[in-house]
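As structure tokens, the structure follows; a few thoughts come after it.
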Amino acid sequence: MEEIVCKFGGSSLASAEQIRKVWHIIESDPNRRYVVVSAPGKANPGETKVTDLLINLASAVTNHFEGQHYIDLVAQKFGQIARDLGLEKDYEVLVRQDLNDRIDKYKNNSQALMNALKAAGEDNNAKLVADFFKKQGLPAIYVSPMEAGFYLENHKGVVRCLPESYDNLREYLLERHELVVFPGFFRYDKAGNILTFTRGGSDVTGSILAASV
């Protein structure tokens with residue numbers, strides 16, 4: 001059986017309506033086994049992308065400005081999508097707590113804080129999408145890059161995938177019987193620090209997963 005890796009960008013995941021379209025795409029072909037997701041994009045022209053809100057939040061915290069407004073916007077975005085999808089979990093509360101936890105952990109290291117907050121969009125969206133797929137009857141699981149052994153390194157300012165990640169991913173993913181939902185854009189180094197690709201990093205993630213399996 002040919003197994004397919006699918007990647008969905010921010011505009012494809014910007015609202016509950018868009019995520020339902022993604023679900024229909026996935027359920028229409030059982031060979032679509034691995035789903036890489038971006039953070040929610042703009043559902044309408046007046047919105048700001050979640051990733052941009054998170055970058056603004058990191059900058060605000062680093063420069064000792066009030067960042068609660070950005071936390072509210074991101075949490076409300078996730079909460080609205082989850083409610084519109086009929087999910088039982090309160091994603092507005094969960095995301096708000098997650099962002100505050102990341103700030104508390106990394107507030108004294110501006111680069112680590114920026115990476116951690118930028119990664120929050122993809123990470124929380126992968127969990128939300130997996131929960132919705134399960135609600136719709138698909139045997140979906142969220143998989144953390146750390147759990148799957150997907151490691152990066154920062155080599156002279158360039159973030160790149162460690163070669164061992166391909167073998168780690170192959171072994172881990174091919175043993176899964178579930179539909180895997182995987183966050184794009186960020187990974188960890190061997191010390192457990194969060195690193196992010198540049199823009200388009202979710203596309204890179206999808207390519208690496210495809211090459212691995």
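Listed here are the residues, each with its yes/no results for (1) open to solvent by less than 30 Å² (accessible area, probe 1.4 Å); (2) without any contact (Cβ under 8 Å) to a residue 60 or more places away in the chain; (3) more than 12 Å from the chain's Cα centre (by Cα); (4) within 21 Å of Ala112 (Cβ to Cβ).
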| residue | (1), (2), (3), (4) |
| --- | --- |
| Pro163 | no, yes, yes, no |
| Asp167 | no, yes, yes, no |
| Val181 | yes, no, no, no |
| Phe185 | yes, no, no, yes |
| Asn193 | no, no, yes, yes |
| Ser207 | no, yes, yes, no |
Handout entry: Considering residues of region 119-161 that are under 16 Å from Ile208 (Cα atoms) and aromatic (Phe, Trp, Tyr) only, the residue least open to solvent (accessible area, probe 1.4 Å)
Key = Phe150
Problem - Any pair with Cβ under 7 angstrom, 6 or more apart, that starts in region 15-26 at a residue that is open to solvent by 40 Å² or more (accessible area, probe 1.4 Å) and ends at one that is of a type outside the set (D, E, K, R) - result: Gln18/Ser12
Problem - Any hit, region 83-103, residues being in contact with a strand residue (DSSP E or B) (Cβ under 8 Å, 6 or more places away or on another chain) and farther than 25 Å from Asn193 by Cα - result: no
Problem - Residue that is more than 30 Å from Gly86 (Cβ to Cβ), polar (S, T, N, Q) and in contact (Cβ under 8 Å) with a residue 24 or more places away in the chain, where the choices are Asn154, Asn108, Asn125 - result: Asn154
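The values are calculated or read from the model by the stated rules, or taken from the named source; none is laboratory data. Owing to the predicted nature of the structure, the values given are computational and were not obtained by experimental measurement. Methodologically, a virtual Cβ is constructed for each residue, glycine included, from the backbone with ideal geometry; neighbour enumeration extends over all protein chains shown. Ligands, DNA and RNA are stripped out before the accessible areas are found, and what is left, the full protein with its side chains, is counted by its heavy atoms. Shrake-Rupley method; radii C 1.70, N 1.55, O 1.52, S 1.80 Å.
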